[in-house]
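Engineer: Have a look at this one.
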Amino acid sequence: MNKLLARLMPNNPGRAVVIGVPYLWLVLFFLLPFLIVLKISVSEMNVGQPPFKPLTEMVDNFLNIRVYLGNFISLFDVANDDLYARTYLSSLKYAAWTTIFCLVIGFPFAYFMARARPTIRPALLMLVMMPFWTSFLLRVYAWKAILTTNGVFNQILIGLGIIGEPLHMLHTPFSLMIGMVYVYLPFMILPLYANLVKLDGRLLEAAADLGATPWQRFWLVTVPLSKSGIIAGSMLVFIPCVGEFVIPELLGGPETLMIGRVLWDELFSNNDWPRAAAVAVVTILLIIVPLAIFNKYQAESQGERT
Amino acid sequence: MKLFSFRALADVAWGVALAASCGIALAQEEPKVLNVYNWSDYIAEDTLKNFEKETGIKVRYDNFDSNEILHAKLVAGKTGYDIVVPSSNWAKIQIDGGLLAKLDKALIPNLANVDAETAGQIAKLDPGNQHLVVWLWGYTTVGINVDKVKAALGSMPMPDNAWDLVFKPEYISKMKSCGVSFLDSPSEIFPAALHYLGKPAFSKQTSDYQEASRMLQAIRPYVTLFSSSGYINDMANGSICLALGWSGDISIARQRAIDGKTGNKIEVLIPKTGGILFFDTMAIPVDAPHPKNAHAFINYILKPEVHASLTNKVFYANPNAQSTKFVKKEVAENPTVFLSAENKKKMIAPDAVNNDIRRLSTRLYTQFKTGL
């Protein structure tokens, strides 16, 4: 037994364990569930329990393997029904806009925090994280109360005499974007702050000495140096936004097309687990493939530099 | 070696004996717990309290607001629920899929209270009433805020057929300004739309659904809310003046408007061509952890005074022939709760549809809702 262990971990067993734990984690909680979803996505639907048919079957001593691709085919059959294609595009669009808004609001925010006196930085950081102390659902519901037609926001605007009639804001793309940006903003600010706080102030001084205007210093020094923070923040916002279900459901309008909603329909209205699994697989690929390409490009460009 | 195997065998035998004795103990003595999954706004305040007092069984009570959600949970299995309340046409799919357990009628003596007419309706989908007992029943119909709808219509008279209000553009377009709510589920909207077009409400023809979809597209701009539970309060407080909803829900809105002194006069309409009937039925999932308690609960609900208290609270009719004397006078006399024989005859009975039709109606419903 000990020999076997020794052969599996030749040099340093401690090292193998340390490396092995995260891999084990990924295999158990990412790869395995994904494979299950993948398996369901190529099964046929079944009424009953489980709601999909088995992939393998023994008939007359033949092992029959039936891989059903109909779910994927109908997802991409745009000529017949472009609902899925439209939904993917619309989800990506909302996620992209959320990321852009979060970046535009979050960058100055993080910059201000990073430039604040070190003594008050922990307090500022605390303020950013404070909303997490309240349930996410509660905060989204609060926006419902604020934005509804006879809600707080409309009453203030009417009270100030800015508008005469209450505005219809809830269940529109506007309320959806407010909710998404509000919820995901901390995920943008935190990595940006972590990055910007390490920015070497002397580089900016040097740029100023060499005659760069504040604008040039920002674009040519600060932004390139904070690139990794921007990327990390954008990923943290963009990826969960694509699959977001709760916020569009509560704040979006009935015409809001999001992949989360389509998944819900497949699972609940149609009870078609295989089709829902196929939708999920394509969503994952849609996010992972660009990410992998980007990673590769990033690794290559870093390899060139060193 | 020999000794080892003998000991192992002894261990196994001991283990089996222990497990078996536990199993027997469990079968005799169920924990005093019951998990119920029912529709929202569908019970009286004291129903569960009295049941707990009478039987000592603690009830955990959860809500849903569409058959789709319940069905999805049952299909996924291991819900942990002992009582679920699907509508009869969905329950049929669940019975066929082997998701619901057969009732042990010996444990439900109060089954004798169920009136023959309702039992007959259910038997069409559940032959021999082997799985289902009606909780309450009602119908999908149109509800209005009388004053607001009259004001919105102006010089136009009320239509002869109440369905016109929600499905005919010249009527519903007038109502947009005061708020129009539709139930939020394909399995509620399509039967009503198909019925309005003169098709079978639970049609099996794809072309019928396409036609209904075209009609729905035309009225989509005027629907301001899709809701299957929140519309009760919206109607009561006046932010909605027209609803395609469930009969009892609209009556609850009416009561809340009266209790809250909002001045909104809410009314349930009975369409000339009839509403779409539904029977919500108590059933026990096959994998229910406490089936005995579930039977006790069904038997308790079937007590005349308990069933009457449900009707008194939520304005849906009950199937309990003995309960009439416990129903409040104003509820008993409400013609939209207990339908007259003439109105009953007009109502459309529920039926199950197959998977292809469900997929089609979900797809067309998404199209309707998103306006794409």
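The values are calculated or read from the model by the stated rules, or taken from the named source; none is laboratory data. What you are looking at is a predicted structure, and each value in this text was computed from that prediction instead of being measured. Neighbour counts are summed over all protein chains in view; Cβ atoms, including those assigned to glycine, are modelled from backbone coordinates with ideal geometry.
Engineer: Given the structure, is A:Asp60 within 14 Å of chain B (Cβ to nearest Cβ) and surrounded by fewer than 19 Cβ atoms within 10 Å (Cβ to Cβ)? I'd like the intermediate steps shown before the answer.
Structural biologist: On the way: within 14 Å of chain B (Cβ to nearest Cβ): no; surrounded by fewer than 19 Cβ atoms within 10 Å (Cβ to Cβ): yes.
Here the answer is no, as A:Asp60 does not meet what is asked.
Engineer: Also, I was wondering about something else. Which one is modelled with the lowest pLDDT among residues in the stretch B:95-119 that are in a helix (DSSP H, G or I) and within 14 Å of chain A (Cβ to nearest Cβ)? Reasoning before the result, please.
Structural biologist: Taking the stretch B:95-119 first, the residues in a helix (DSSP H, G or I) are B:95-96, B:105-107, B:109-113, B:116-119.
When the remaining residues are screened for being within 14 Å of chain A (Cβ to nearest Cβ), the result is B:95-96.
On the way: B:Ile95: 95, B:Asp96: 91.
Here the residue is B:Asp96.
Engineer: Please enumerate the residues belonging to the stretch B:279-312 that are charged (D, E, K, R) and surrounded by 21 or more Cβ atoms within 10 Å (Cβ to Cβ). Let's see the steps before the verdict.
Structural biologist: Of all residues in the stretch B:279-312, those charged (D, E, K, R) come to B:280, B:287, B:292, B:303, B:305.
Selection gives B:Asp280 alone.
Engineer: Suppose we filter the stretch A:49-89 for residues that are part of a helix (DSSP H, G or I) and either acidic (Asp, Glu) or in contact with a helix residue (DSSP H, G or I) (Cβ under 8 Å, 6 or more places away or on another chain) (or both); how many remain?
Structural biologist: Going through the stretch A:49-89, the residues part of a helix (DSSP H, G or I) turn out to be A:70-76, A:83-89.
Right, trim to either acidic (Asp, Glu) or in contact with a helix residue (DSSP H, G or I) (Cβ under 8 Å, 6 or more places away or on another chain) (or both) and you get A:71-72, A:74-76, A:83-85, A:87-88.
Within the stretch A:49-89, residues that are part of a helix (DSSP H, G or I) and either acidic (Asp, Glu) or in contact with a helix residue (DSSP H, G or I) (Cβ under 8 Å, 6 or more places away or on another chain) (or both) number 10.
Engineer: May I ask you to list the residues in the stretch B:186-212 that are within 14 Å of chain A (Cβ to nearest Cβ) and on the phi > 0 side of the Ramachandran plot?
Structural biologist: Correct list: empty.
Engineer: Look at B:Lys105 and say whether it is assigned by TED's automatic domain parsing to the domain that holds B:Pro285, surrounded by fewer than 19 Cβ atoms within 10 Å (Cβ to Cβ), in contact with a helix residue (DSSP H, G or I) (Cβ under 8 Å, 6 or more places away or on another chain) and of a type in the set (Lys, Arg).
Structural biologist: Details: assigned by TED's automatic domain parsing to the domain that holds B:Pro285: yes; surrounded by fewer than 19 Cβ atoms within 10 Å (Cβ to Cβ): yes; in contact with a helix residue (DSSP H, G or I) (Cβ under 8 Å, 6 or more places away or on another chain): yes; of a type in the set (Lys, Arg): yes.
Yes: the conditions hold for B:Lys105.
Engineer: Considering only the stretch B:70-98, how many residues are more than 21 Å from B:Val33 (Cα to Cα), touching a residue at least 60 places away in the same chain (Cβ under 8 Å) and in contact with a Pro (Cβ under 8 Å, 6 or more places away or on another chain)?
Structural biologist: Qualifying residue count, the stretch B:70-98: 4.
Engineer: Now, a different point. Is there any pair linking a residue in the stretch B:168-194 that is over 29 Å from B:Ile69 (Cα atoms) to one that is part of a strand (DSSP E or B), with Cβ under 6 Å and at least six apart or on different chains, and which?
Structural biologist: Note: pairs meeting the criteria are B:Met175/B:Leu242.
Engineer: Being under 30 Å from A:Phe238 (Cα atoms) and among the charged types (D, E, K, R) is the filter here, so list the residues in the stretch A:147-193 that pass it.
Structural biologist: Within the stretch A:147-193, none qualify.
Engineer: Now, a different point. Are there any helices (runs of 4 or more DSSP H) wholly within the stretch B:302-350 with 2 or more residues that are closer than 19 Å to B:Asn38 by Cα, and if so which? Spell out the reasoning first.
Structural biologist: Numbers: elements: B:304-314, B:329-332, B:341-346.
Counting at least 2 such residues, we get B:304-314.
Engineer: From B:Lys92, B:Lys73, grab the single residue that is over 15 Å from the mean Cα position of the chain (by Cα), outside any loop (DSSP other than H, G, I, E, B) and within 14 Å of chain A (Cβ to nearest Cβ). Let's see the steps before the verdict.
Structural biologist: Numbers: B:Lys92 fails: over 15 Å from the mean Cα position of the chain (by Cα).
Just one listed residue meets the conditions, B:Lys73.
Engineer: Now a separate question. Just one of (1) touching a helix residue (DSSP H, G or I) at 6+ places or on another chain (Cβ under 7 Å); (2) at pLDDT below 95; (3) within 12 Å of chain A (Cβ to nearest Cβ) trips up B:Phe182, so point out which.
Structural biologist: The single condition B:Phe182 does not satisfy is (2).
Engineer: Same structure again: Do we find a residue being in a helix (DSSP H, G or I), away from chain B (no Cβ under 14 Å) and more than 19 Å from A:Tyr182 (Cβ to Cβ) anywhere in the stretch A:96-103?
Structural biologist: So in the stretch A:96-103, the residues in a helix (DSSP H, G or I) come out as A:96-103.
Remaining after also requiring away from chain B (no Cβ under 14 Å): A:96-103.
Next cut, more than 19 Å from A:Tyr182 (Cβ to Cβ) only: none.
No.
Engineer: Criterion first (over 19 Å from B:Leu360 (Cα atoms) and either surrounded by fewer than 23 Cβ atoms within 10 Å (Cβ to Cβ) or more than 14 Å from chain B (Cβ to nearest Cβ) (or both)) does A:Glu249 satisfy it?
Structural biologist: Working: over 19 Å from B:Leu360 (Cα atoms): yes; either surrounded by fewer than 23 Cβ atoms within 10 Å (Cβ to Cβ) or more than 14 Å from chain B (Cβ to nearest Cβ) (or both): yes.
So A:Glu249 passes the test.
Engineer: Return only the number of the condition from (1) hydrophobic (A, V, I, L, M, F, W, C); (2) closer than 30 Å to B:Ile357 by Cβ; (3) at pLDDT 95 or above that A:Trp97 does not satisfy.
Structural biologist: Answer for A:Trp97: the failing condition is (2).
Engineer: For the stretch A:156-166, name all the residues that are surrounded by 15 or more Cβ atoms within 10 Å (Cβ to Cβ) and not in a helix (DSSP H, G or I).
Structural biologist: A:Pro166
Engineer: Right, another one. Go through (1) among the acidic types (Asp, Glu); (2) closer than 29 Å to A:Tyr111 by Cβ; (3) not in a helix (DSSP H, G or I) and name the single condition A:Glu255 misses.
Structural biologist: With respect to (1) among the acidic types (Asp, Glu); (2) closer than 29 Å to A:Tyr111 by Cβ; (3) not in a helix (DSSP H, G or I), A:Glu255 is out only on (2).
Engineer: Taking the conditions exactly as written (crowded, with 17+ Cβ neighbours inside 10 Å and within 14 Å of another protein chain (Cβ to nearest Cβ)), does B:Asn233 satisfy them or not? Give the steps one after another, and end with the answer.
Structural biologist: Details: crowded, with 17+ Cβ neighbours inside 10 Å: yes; within 14 Å of another protein chain (Cβ to nearest Cβ): yes.
Considered against the rule, which asks whether it is crowded, with 17+ Cβ neighbours inside 10 Å and within 14 Å of another protein chain (Cβ to nearest Cβ), B:Asn233 comes out as yes.
Residues checked against (1) within 11 Å of chain B (Cβ to nearest Cβ); (2) free of Cβ contacts under 8 Å to residues at least 60 places away in the same chain:
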| position | (1), (2) |
| --- | --- |
| A:Leu225 | no, yes |
| A:Gly233 | no, no |
| A:Val237 | no, no |
| A:Pro254 | yes, no |
| A:Leu263 | no, yes |
| A:Phe268 | yes, yes |
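Engineer: Looking only at residues in the stretch B:343-372 that are over 21 Å from B:Glu68 (Cα atoms) and basic (Lys, Arg), which one is farthest from the other protein chains (Cβ to nearest Cβ)? Let's see the steps before the verdict.
Structural biologist: Of the stretch B:343-372, the ones over 21 Å from B:Glu68 (Cα atoms) are B:343-347, B:371-372.
After this cut, where a residue has to be basic (Lys, Arg) as well, the list is B:344-346.
Numbers: B:Lys344: 30, B:Lys345: 32, B:Lys346: 29 Å.
Only one residue tops the list, namely B:Lys345.
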